[in-house]
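Quick notes on the structure that follows.
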Amino acid sequence: MITPEQSRMARAALNLSGGDFAKMAGVGINTVSRFEQGADTRTSSVEAMARALEAKGVVFLGANDVSLAGGVGVRLPIARQSTDTQGQG
């Protein structure tokens, strides 16, 4: 299960507004807002939000997953980062 912090970080990394993210995940904007503020949110809604972000290439790290800095976080794959810059310039 993702955390509110992971959701905010992933959304920021993908440059998604709350409204765009809500549409992508099939939930209401109020659901996104409440979840990211730490309020109780239905498990099905949180899972839908996680799936939507994962579909965009986000990888969620749990507290015990290996990362250079340790702790909970979000990682974007290299392919996603390079795809964003193709065709610009």
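Worth pointing out:
- Percent carbon-and-sulfur accessible area, the stretch 1-70, ignoring ligands, DNA and RNA, probe 1.4 Å: 49 percent
- By the Stokes-Einstein formula, at 0.692 mPa s and 37 °C, the stretch 1-73 with its Kirkwood radius over alpha-carbon pairs has D equal to 267 µm²/s.
- Using heavy atoms of the protein chains and a probe of 1.4 Å, the accessible area assigned to LYS56 is about 90 Å².
- Rolling a 1.4 Å probe over the protein heavy atoms gives the stretch 1-43 an accessible area of 59 Å² per residue.
- Rough spin-label spacing in nm, given labels placed 7 Å along Cα→Cβ, for LYS23 and SER44: 2.3 nm
The values are calculated or read from the model by the stated rules, or taken from the named source; none is laboratory data. Note that the structure is a prediction, hence the values are computed from the model and not measured. Here the Cβ is made from the backbone with ideal geometry for all residues, glycine too, and neighbour counts use every protein chain on show. Just the protein is used for accessible areas: all its heavy atoms, side chains included, with ligands, DNA and RNA removed. Shrake-Rupley method; radii C 1.70, N 1.55, O 1.52, S 1.80 Å.
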